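To start, the structure itself, in structure tokens.
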Amino acid sequence: MSQSRHRQRTIRLAIIAASASMLAGCATGGVTSSFFVDPSRYDLYDCKQLAAERVAVDKKVVDLEKLMNKAETGAAGGFVSGLAYGPDYSAVRSQRDLLDQKMSMNNCPAEAPPVIDAPTPPKKKKRKAQ
């Protein structure tokens, strides 16, 4: 009898601890921090380099958001998404915020350069059947 009570108490404590940690994760979801990025990382970059890095970081943010949205469709998706991609997403968002800060400090133009796609291979010519 005491083993079943101990087991129930342990399960309840585990559920409470898991709930508290999930709620704590939700509370900090929109806040980015310099904890993930070295503040001096972009000190020696000029505006062109900052803009190019900003485009690359934006692509990472979009890719992670797609992965997180895909993961959230499954069972316990929000939890899995936050566990698998949350730290990377926070780091990339912090990196983007730091880039924005450095761009404004350097008086860089706000617009990002156009993204240049990789060159496409030439089309193969079809041979006439004889």
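Please treat every number below as a calculation from the coordinates, not as lab data. Predicted model only: the values in this text are computed from it and were never measured. For neighbour counting, all protein chains shown are included, and Cβ atoms are generated from backbone atoms with ideal geometry for every residue, glycine included.
Computed over neighbours whose Cβ is under 15 Å from that of ILE15, the net charge equals +3, Lys and Arg +1, Asp and Glu -1. Translational diffusion of the stretch 34-114, estimated by Stokes-Einstein from the Kirkwood radius over alpha carbon pairs at 4 °C in a medium of 1.567 mPa s, is 95 µm² per second.
Subtracting the Cα-Cα distance of GLN101 and ALA52 from their residue separation scaled by 0.36 nm leaves 16.2 nm. For TYR45, neighbours were defined as the other residues whose beta-carbon sits under 12 Å from its Cβ, and their charges (Lys and Arg +1, Asp and Glu -1) total +1.
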